[in-house]
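To start, the structure under review is shown below, and the notes come after it.
The values are calculated or read from the model by the stated rules, or taken from the named source; none is laboratory data. From a predicted model like this one, the values you see are computed outputs, not experimental measurements. Here Cβ is always computed from backbone atoms with ideal geometry, including for glycine, and neighbour counts include all displayed protein chains. Calculation scope for accessible area: heavy atoms of the full protein, side chains included, ligands and nucleic acids excluded. Shrake-Rupley method; radii C 1.70, N 1.55, O 1.52, S 1.80 Å.
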Amino acid sequence: MTGTGHASMRIDTAAGSILCDPWVNPAYFASWFPFPDNSQLDWETLGQVDYLYVSHLHRDHFDAEHLRRFVSKKATVLLPEYPTSQLEDELRDLGFTSFLKTKSNEVHELDGGLKVMIQALISPTDGPIGDSSLWVEHDGIRVLNQNDARPTDLSTFAELGHVHAHMLQFSGAIWYPMVYELPESAKRAFGKQKRDRQFDRTWRYIDDLKASHVFPIAGPPCFLDDELWQFNDIFGDEGNIFPDQAVFQREYAKVGGTNGIVLLPGSVTELTADSAQTSHPTDVDEFFANKQVHLEEMRVRKAPVIAAEKASWRHPEIDVLGELKKRIEPLLEESIYLAKGVGGPVRFDLVSYDGESVESIVVDFPGKQVRAYADEKVRYRFRTQRELIEHLIFIDEGDWVNSLFLSCRFSAARIGQYNEFVYAFFKCLSEERLQYAEGWYDEHEKTVEAEDTVFGDWTVQRRCPHLKADLSRFGIVEGDVLTCQLHGWKFDLPSGRCLTSVGHKIRAAKKTS
Ligand code: FES
């Protein structure tokens, strides 16, 4: 297995090679770059593979420019079973013609005895509607590239036999809490909670699978634009949600972990049933000890790339309010669950090129309208540069999470709890996506949660009201509050109320005798 940066790796076996999620070019309005820098790898050679696996469409996993240029179009794509055809369509557009359309959770046997299984997660909150993990077996050696997917548990993989290498995410990949307009101390406290929760979830997965070796992958990215530089974890801030692989190793050791292996771009692990021999292009500890120097060098190297990206955003000819009306109002009209879930107006403050004037636009979910802000109370407010929205309109972007929000180039304020429907809606700015999400919620609203689990005196529904995690494994109860460790949502057991987001009531009863 060769580390190729971020969530990317190349797996070579006697029966063929698989390249996973190659990402080199900056993503999300030039906010995210792979760290350590992987642009110097011999991609011409790495791209000559038998199979390509793109786990999902997030831009730090699906790098269209790189795939077009460097990956052999003779490669067979191992395609996750997603409800929409967008991933396949995009790959076909890039010139790939050979596809193995896998069935989720089914083992597929390829030439030479290579076996693969892809588990596709398909809720509207999984990745950009879809995230997946790849399991590979050859000659009795098993690898799970869990990627940044969050399955409710790993039993489907564990049942296929002992796994020798488990690759999984451990760091943050979100805008929370950094972009929120909160006092610094509150932001730090929320960030620390989030950082702890990320590690707890990682330990839980590692413990579930009990693989021989664990590889921390899929982040963190680095931020090279001056406006975002503070998000890099180089300031000793315990509220930073982007700890790196060296921090992973330290934290893992604290919970008794001794089998972690960090792959730098270009590191190679030879995996056998009872060993993992790894060679690195440079000393790993020394590399991370000098992280700041490496980042500073990258910042200089990549400055022209950022400048070129920035120069492409402006489209002053676009009437932003008019275009948003045209695109979003028909979707509001069709939306039942998402619109009800958002439940109020959402305001966008667009800052002009000169940074002086601001245009306020409201997406009014109950009123099914996009209009100028009318001095009303709003549930969510976002503030961003007008040119970013112009660019989204120009490229007809159907997923603002996979573009604007992940860029972290905005600030946000909200009244009350986190509302997943706000982001689910802005992820679904196309007919196909919206219909899918509406259908998914429709089905889930109707699902009766019949199975129970017990915590001391409390009998609680077994599946988490958020995304169905098994609470007998992921739940912990402290006092009267249950926390589901998969995404850290909290529930007040006496009332059943979700303390993290609107809706999502839990069924719970206390023994009376
Ligand atoms: S499944 Fe997401 S918090 Fe429980």
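Scaled against the 2.2 N^0.38 Å expected of a compact globular protein of N residues, the Cα radius of gyration of segment 156-239 reads 1.34.
If R0 equals 30 Å, the separation of the Cβ atoms of ARG69 and ALA303 corresponds to a calculated FRET efficiency of about 0.85.
Annotation: amide H of PHE35 within the under-5 Å range of HIS6, CYS222, sequence separation 5 or more or interchain, hydrogens built in the peptide plane.
Taken along its three principal axes, the alpha carbon spread of segment 175-223 comes to 43, 22, 11 Å, from the longest extent down to the shortest.
Here the label points at ARG314 and ASP442, each 7 Å from Cα along the C-beta direction, are separated by 4.5 nm in the simple model. In segment 231-275, inverting the average of 1/r over every pair of distinct C-alpha atoms gives 12.7 Å as the Kirkwood radius.
Extension gain, ALA413-ASP207: 0.36 nm per intervening residue step, less the Cα-Cα distance, totals 70.5 nm. Using the Cα gyration tensor of segment 40-95, with a ≥ b ≥ c the square roots of its eigenvalues, what is the shape: rounded (a/c below 1.5), prolate (a/b larger than b/c) or oblate (neither)? Prolate is the answer for segment 40-95, as a/c is 1.5 or above and a/b outweighs b/c.
Which whole-number value in Å³ per residue fits the convex hull of the alpha carbons of segment 334-443?
Measuring per residue, one finds 105 Å³ for the Cα hull of segment 334-443.
Here the spin labels are modelled as points 7 Å beyond Cα on the Cα-Cβ line, and at ILE395 and GLU44 they lie 2.8 nm apart. Annotation for ASP89 and HIS162: the two label points, set 7 Å from Cα along the Cα-Cβ direction, are 4.6 nm apart. Multiplying the residue separation of HIS294 and SER279 by 0.36 nm and subtracting their alpha-carbon distance yields 3.4 nm.
What translational diffusion coefficient, to the nearest whole µm²/s, does segment 72-188 have by Stokes-Einstein, given a Kirkwood radius computed over alpha-carbon pairs, a temperature of 25 °C and 0.890 mPa s viscosity? Intermediate values should be presented prior to the final figure.
Working: Rh = 16.3 Å.
Stokes-Einstein gives a translational diffusion coefficient of 151 µm²/s.
What is the chain's relative contact order, in percent, from Cα pairs under 8 angstrom and six or more apart in sequence? Numbers along the way, then the final one.
Working: 1008 pairs, mean separation 63.3, N = 513.
For the chain, the relative contact order is 12 percent.
Counting charges near GLN86 (Lys, Arg +1; Asp, Glu -1) among other residues having Cβ under 10 Å from its Cβ returns a value of -4. The Rg/Rh ratio for segment 374-508 is 1.05, where Rg is the radius of gyration of the alpha carbons and Rh is the Kirkwood radius.
Judged by a Cβ-Cβ distance under 4.7 Å, the unpaired cysteines of the chain are CYS20, CYS222, CYS408, CYS428, CYS498.
Rounded to the nearest Hz, the phi-derived 3J(HN,Hα) couplings of segment 358-375 under the Karplus curve 6.51 cos²θ - 1.76 cosθ + 1.60 (θ = phi - 60°) are 9, 10, 9, 10, 10, 9, 9, 5, x, x, 6, 9, 10, 7, 5, 5, 10, 6, where x marks glycine and proline. Helix-only arithmetic for the chain: the sum of -39500 (n - 2.57) across DSSP H runs with n ≥ 4, divided by the residue total, places the mean residue ellipticity at 222 nm at -8000 deg cm²/dmol. Each of the peptides 266-273, 383-390, 251-258 was scored by the mean count of other Cβ atoms within 10 Å over its residues; in descending order, highest first, they stand as 383-390, 266-273, 251-258.
D for the chain, whole µm²/s, Stokes-Einstein with Kirkwood Rh over alpha-carbon pairs at 25 °C and 0.890 mPa s: what number? It comes out at roughly 102 µm²/s.
Ignoring ligands, DNA and RNA, what accessible area per residue does segment 1-107 give at 1.4 Å, in Å²?
Values: 3750 Å² over 107 residues.
Here the per-residue accessible area is 35 Å².
Between PHE99 and GLU451, the contour length at 0.36 nm per residue exceeds the alpha carbon distance by 122.8 nm.
FRET efficiency for the ILE336 to ASP196 pair, using the beta carbon distance and R₀ = 30 Å, is estimated at 0.25.
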